[in-house]
Amino acid sequence: MRFVPHQVYFQEDALSYPLGRELFARFSRQGTGMVVVPKGSPIRACEGLSPEQAYLSAKRTLVVAVRRALRFQTCKPSAHYQLPLVSGCPGLCEYCYLQTTLGPRPYVRVYVNTDEILEAADRHIRERAPETTVFEGAATSDPMSVEEYTGSVARAVAFFASRPHGRFRLATKYCAVEGILDVVHRRRTRVRFSINTDRAIAQFERGTPALEERLAAARKVAGAGYPVGFLVAPVIAYPGWQGEYRSLVRGLVGSVQERAEPDLTFEVISHRFTRRAKSLICGRHPDSALPMNEGERCPVRGRFGYVKFVYPKAVIDSMKSLFEEEIRRCFPAAAIEYVI
Ligand code: SF4
C-alpha cells in the first residue's frame, strides 16, 4: 500500500535543499497539484471543510518543510529523544495517538533538512556520551509511510551505524522497506512492526497495509540482520478476542528468521482513550465502532495529568497471561518488554 498524496505544499525554503527540489521535480512530473507557500505562512489546504473532511483531506496532503526546532523533545520511557524526520501519517487508524497531538489538520509533513536533523542528533549523543542515547523515529509519525519519497529512515540508519553511542528505533505498519535493506546498520537500529488481528485491522486501521504485508516486510528486515520487534497495539477486547490474538502470535512463527529470535522484542498495549480523543474520533469517524464506553473502563490519571480510560484490571490481567504464555511458547528466547 503506497501513499500517493492528492496535493503537495512546499514551504518556499524547502526548495533550497536537494530533497525539496527532488520532490518538487517528482511531483511536477506526476502532475500532482502543488502549492509553494512563503516561509512561516500557514498551510490552508482544508479551509471551509467539515472536521471529518478536513481530517481526510489533511491525511492526503503532503507538506514538504524545513524542520526548525533542532533541540529534540524527550521520549520517555522508551527512548531519550524523538528523532523528527517526519510528522503525521497517511493512515486512518481510528485510535491513533496522533488524533490528539497533531491538531485538526494532521498533514503528512516531511522534513528536507535531514543533515541538520542528524547533526542535532549528534549533538545530543555527544552531550550524553559515553552513555548510550536512544532516539525514537515514530513518536509523531510512521516514517516508513513516506520513506519512498524521503529516504530519511535509510539515512538515519546509516548515521546511527557510525555512532557507537547512538541507537535508533522506530515502529511502523508500512512495508516500503527495500530502501533500508542494504544500508549498513551495525544492528543499532531496531524496527518494530505494529500488528493486530485481521479483524482489528479491517475495522480500525483503514489506509494501512494488511497483516500479511507487514509480516512480509518484517521477514525482509529481519533477513537483512536488523533487530526487529512486534508491537501488538492496541489490543481490543471484542467478543472472541482471546482466540484471535492467540492466533496472531502463533501466526508470527516463521515470520522472522531464526537468527532474529534471540533479539526479538514484543510490546503489547491494551486499548485506552481519553475524553478528548473520544470526542475527536467521534467527529472524524462518525461511524466508528471503536469501543469507548466509559462505563466499561477504569479511569486512570496518566503521566501528564489527564485521565485515560483503560480496561478493568481483570481484563488487563487476562491479556497479560495470554500474551506472556503464548509468546513464551512460540518465541522462548524473545524479550517481552511490557504488556500494559
Ligand atoms: S499507522 Fe500509526 S501513526 Fe499512522 S495513523 Fe495508524 S496508528 Fe497513527
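Any residue in segment 209-232 that is of a type in the set (Ser, Thr, Tyr) and within 13 Å of the ligand (Cβ to nearest atom)?
We begin by selecting, within segment 209-232, every residue of a type in the set (Ser, Thr, Tyr); these are 226.
Those still in the list that are within 13 Å of the ligand (Cβ to nearest atom) too: none.
No, the conditions are met nowhere in segment 209-232.
Going residue by residue through segment 49-58, is there one that turns out to be within 16 Å of the ligand (Cβ to nearest atom) and among the charged types (D, E, K, R)?
Yes, because at least one residue in segment 49-58 is within 16 Å of the ligand (Cβ to nearest atom) and among the charged types (D, E, K, R).
In a helix (DSSP H, G or I), in contact (Cβ under 8 Å) with a residue 40 or more places away in the chain, out of contact with any Asp or Glu (no Cβ under 7 Å at 6 or more places or on another chain) and within 30 Å of residue 158 (Cα to Cα) - does that describe any residue in segment 207-214?
For segment 207-214, residues in a helix (DSSP H, G or I), in contact (Cβ under 8 Å) with a residue 40 or more places away in the chain, out of contact with any Asp or Glu (no Cβ under 7 Å at 6 or more places or on another chain) and within 30 Å of residue 158 (Cα to Cα): present.
Restricting segment 181-203 to residues that are of a type in the set (A, V, I, L, M, F, W, C), within 30 Å of residue 287 (Cα to Cα) and surrounded by fewer than 23 Cβ atoms within 10 Å (Cβ to Cβ), which is farthest from the ligand (Cβ to nearest atom)? Before you say what the answer is, go through the steps one by one.
The initial filter retains those residues of segment 181-203 that are of a type in the set (A, V, I, L, M, F, W, C), namely 181, 183-184, 191, 193, 195, 200-202.
Retained after the next criterion (residues that are within 30 Å of residue 287 (Cα to Cα)): 193, 195, 200-202.
If we keep only those that are surrounded by fewer than 23 Cβ atoms within 10 Å (Cβ to Cβ) too, we end up with 195, 201-202.
Details: 195: 11, 201: 10, 202: 14 Å.
The qualifying residue farthest from the ligand (Cβ to nearest atom) is 202.
Looking only at residues in segment 130-158 that are within 25 Å of residue 77 (Cβ to Cβ) and open to solvent by 20 Å² or more (accessible area, probe 1.4 Å), which one is farthest from the ligand (Cβ to nearest atom)?
Of everything passing the filter in segment 130-158, 130 is farthest from the ligand (Cβ to nearest atom).
Filter segment 37-57 for residues that are assigned to a loop (DSSP other than H, G, I, E, B) and buried (at least 16 other Cβ atoms within 10 Å of the Cβ) and give the result.
To start, the set of residues in segment 37-57 that are assigned to a loop (DSSP other than H, G, I, E, B) comprises 38-50.
Correct list: 43, 45, 46.
For segment 99-114, state whether one or more residues are open to solvent by 50 Å² or more (accessible area, probe 1.4 Å), among the charged types (D, E, K, R) and without any contact (Cβ under 8 Å) to a residue 24 or more places away in the chain.
Checking segment 99-114: not a single residue is open to solvent by 50 Å² or more (accessible area, probe 1.4 Å), among the charged types (D, E, K, R) and without any contact (Cβ under 8 Å) to a residue 24 or more places away in the chain.
What about residue 87, is it among the small types (Gly, Ala, Ser), modelled with pLDDT of 95 or more, within 20 Å of the chain's Cα centre (by Cα) and open to solvent by 10 Å² or more (accessible area, probe 1.4 Å)?
On the way: among the small types (Gly, Ala, Ser): yes; modelled with pLDDT of 95 or more: yes; within 20 Å of the chain's Cα centre (by Cα): yes; open to solvent by 10 Å² or more (accessible area, probe 1.4 Å): yes.
It is true that residue 87 is among the small types (Gly, Ala, Ser), modelled with pLDDT of 95 or more, within 20 Å of the chain's Cα centre (by Cα) and open to solvent by 10 Å² or more (accessible area, probe 1.4 Å).
Kindly evaluate residue 138 against the criterion of being of a type outside the set (Lys, Arg), under 30 Å from residue 33 (Cβ atoms) and under 12 Å from the mean Cα position of the chain (by Cα). Break it down into steps so the answer makes sense when it comes.
Numbers: of a type outside the set (Lys, Arg): yes; under 30 Å from residue 33 (Cβ atoms): yes; under 12 Å from the mean Cα position of the chain (by Cα): yes.
When the stated conditions are applied, residue 138 passes them.
For the list (1) part of a helix (DSSP H, G or I); (2) closer than 14 Å to residue 322 by Cα, I need the number of the one condition that residue 232 fails.
With respect to (1) part of a helix (DSSP H, G or I); (2) closer than 14 Å to residue 322 by Cα, residue 232 is out only on (1).
For residues that are surrounded by fewer than 20 Cβ atoms within 10 Å (Cβ to Cβ) and in a loop (DSSP other than H, G, I, E, B), scanning just segment 164-180, find the one that is farthest from the ligand (Cβ to nearest atom).
164
The values are calculated or read from the model by the stated rules, or taken from the named source; none is laboratory data. In this text, all values refer to a predicted model and were calculated from it rather than measured experimentally. Using ideal geometry, Cβ is built from the backbone for each residue, glycine included, and neighbour counts are taken over all protein chains shown. With ligands, DNA and RNA removed, areas are computed over all heavy atoms of the protein, side chains included. Shrake-Rupley method; radii C 1.70, N 1.55, O 1.52, S 1.80 Å.
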